[in-house]
Amino acid sequence: MMPRLDGFGLLHSVRSDPALASISVILLSARAGDEARIEGIEHSADDYLVKPFSARELLARIRTHLDLAQLRRDAQAKIRVSEQRFRTAVEAGHLGIWDIDPRTWDVRLDTRAREILGFEKDPPNFSGALAIVHPEDRERVRYKVDRAIDPTRGGRFEEEHRILVPKTGAVRWVRTSGLATFEDGKAVNLSGMLIDITELMQARETLTERQNELERLVEERTAALRDTIAELEGFSYSVSHDLRAPLRAMQSFAQLLSEDYSSKMDDEGRDYLRRIVNASHRMDLLIHDVLVYSRVARTELTLEPVNLEQVIDGAIETNSQLQANAADITIKRPLPPVLANEAALTQCVSNLLANAVKFVASGTRPRVEVWAEQASGRVQLFVRDHGIGIPPEFHQKIFGIFERLSRDYEGTGIGLAVVRKAAERMGGSISLESEVGVGSTFCLELAATN
């Protein structure tokens, strides 16, 4: 949503900066599916999370990548040590020198090369030297040699491969490089150097194994966290549901007490009774909203094309505070269809409209404008009011559960949390622009149907 740079562009800039290139990057996206995930990995992201995701899941991924970063640093330190050993070997003459005559295929090795390869003396010919190359690497080495002595291919030979030490059968890794010499368009010599890189390759292999192990642990932790979250949401739903039974009994007996015995009470007693009724009513609203939030969080949402105009008209028709005698609501038609869950979208629209007509100055008739814009496969539904506005420090907090902007207005502080949770579950998002004393504009973004 940045004006000049998208997430992939930012990632490219980070990777292009040597000072930042080693930083782990996790892409967070509302784009579901393997294609989006593959695109993120192709842009050199270390990980890719699709909304909705929990804070615990994100933290688990972050901890894992911190562990991976430390592991990389340790491995890189080992690699630097190995590379330092390589430089020391070069300076001390520890490189092995080899020479092949492509005309006769005779092979000559210096003392260090024979030590590395495990030969007591020079092999009888190139085939004898090739015989100690690991069977899985042998054809590749042969091909690279043939290519190096081809005058049309550049004459350079470079390869990392395994060898089997003749006497012990031990596996070693060697890095070999060489350059061909040509006369009259024919190769007359191929010579170069080789060095033992067994420790370096073992360090790389250890790093790969550790990375695979950490990835497995991340998957296990993520699965466990999802199970825990599901259990907590189920528990919350059960507790909230069970609380309504005794609450309704309290409301019923309070109502009976008011009807049958209020005349026998003094003013103070009737005031106490009124407070009991009001408190139980508010508690009932609070439990109801918690159940709605839990249901949105727990229910599997099936997405399908939804008529946005019908959803908005239905929300207005079922809420007396949204009808023409109570508020002025202007809808700029037509509104495009969206890919959503109809029940969840109805909940979002109802909550946004209810908030729009609620938070106005006393004695002011609510005015609300609703319109939509479509671009790049997304639909943005805007709900603008001309109410009291929201201070900047509350722009994010109001989407949290139990967050209330003002105690002067009735509510439980759950409505916008339900909107955000439902939007995320539908692969969308909710955002806000607001100015105190001027009003607020909420933007609900969802996928378009085409």
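Report yes if V165 is among the aliphatic types (A, V, I, L, M) and exposed (fewer than 13 other Cβ atoms within 10 Å of the Cβ), otherwise no. It is false that V165 is among the aliphatic types (A, V, I, L, M) and exposed (fewer than 13 other Cβ atoms within 10 Å of the Cβ). Looking at (1) surrounded by fewer than 14 Cβ atoms within 10 Å (Cβ to Cβ); (2) β-branched (V, I, T); (3) under 24 Å from the mean Cα position of the chain (by Cα), which one does T181 not meet, given that it meets all the others? Only one criterion in (1) surrounded by fewer than 14 Cβ atoms within 10 Å (Cβ to Cβ); (2) β-branched (V, I, T); (3) under 24 Å from the mean Cα position of the chain (by Cα) is unmet by T181, namely (3).
For region 91-101, the condition of being at pLDDT 80 or above and either touching a Cys at 6+ places or on another chain (Cβ under 6 Å) or open to solvent by 40 Å² or more (accessible area, probe 1.4 Å) (or both) holds for at least one residue. Collect the residues in region 123-135 that are farther than 15 Å from G169 by Cα and either open to solvent by 30 Å² or more (accessible area, probe 1.4 Å) or part of a helix (DSSP H, G or I) (or both), keeping them in residue-number order. Those that are farther than 15 Å from G169 by Cα and either open to solvent by 30 Å² or more (accessible area, probe 1.4 Å) or part of a helix (DSSP H, G or I) (or both): P124, N125, F126, S127, G128. Report yes if some residue within region 295-306 is more than 23 Å from L432 (Cα to Cα), assigned to a helix (DSSP H, G or I), of a type outside the set (F, W, Y) and at pLDDT 85 or above; otherwise report no. Looking for residues that are more than 23 Å from L432 (Cα to Cα), assigned to a helix (DSSP H, G or I), of a type outside the set (F, W, Y) and at pLDDT 85 or above, one finds none in region 295-306, hence no. Residues in region 171-201 that are among the β-branched types (V, I, T) and more than 24 Å from T104 (Cα to Cα): V171, V174, I195, I197, T198. The one condition from (1) modelled with pLDDT under 90; (2) outside any helix (DSSP H, G or I) that A343 does not meet is (2). The set of residues in region 110-119 that are on the phi < 0 side of the Ramachandran plot and outside any helix (DSSP H, G or I) comprises D110, F119. Selection of first residues in region 195-212 that are acidic (D, E) and of second residues that are open to solvent by less than 90 Å² (accessible area, probe 1.4 Å) and in a helix (DSSP H, G or I), restricted to Cβ pairs under 9 Å at least 6 apart or on distinct chains, gives the following pairs, ordered by first then second residue: D196/A89; D196/I116; E199/V81; E199/S82.
Yes/no matrix, rows are residues, columns are (1) in a strand (DSSP E or B); (2) touching a helix residue (DSSP H, G or I) at 6+ places or on another chain (Cβ under 8 Å):
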| residue | (1), (2) |
| --- | --- |
| K121 | no, yes |
| T152 | no, no |
| E159 | yes, yes |
| G169 | no, no |
| W173 | yes, yes |
| S177 | yes, no |
| L190 | yes, yes |
| I195 | yes, yes |
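The values are calculated or read from the model by the stated rules, or taken from the named source; none is laboratory data. Computed from a prediction, not measured in an experiment: that's the story for all the values here. Every residue, glycine as well, gets a Cβ built from its backbone with ideal geometry; the counts of neighbours run over all protein chains shown. Heads up: the accessible areas ignore ligands, DNA and RNA and are worked out on the full protein's heavy atoms, side chains in. Shrake-Rupley method; radii C 1.70, N 1.55, O 1.52, S 1.80 Å.
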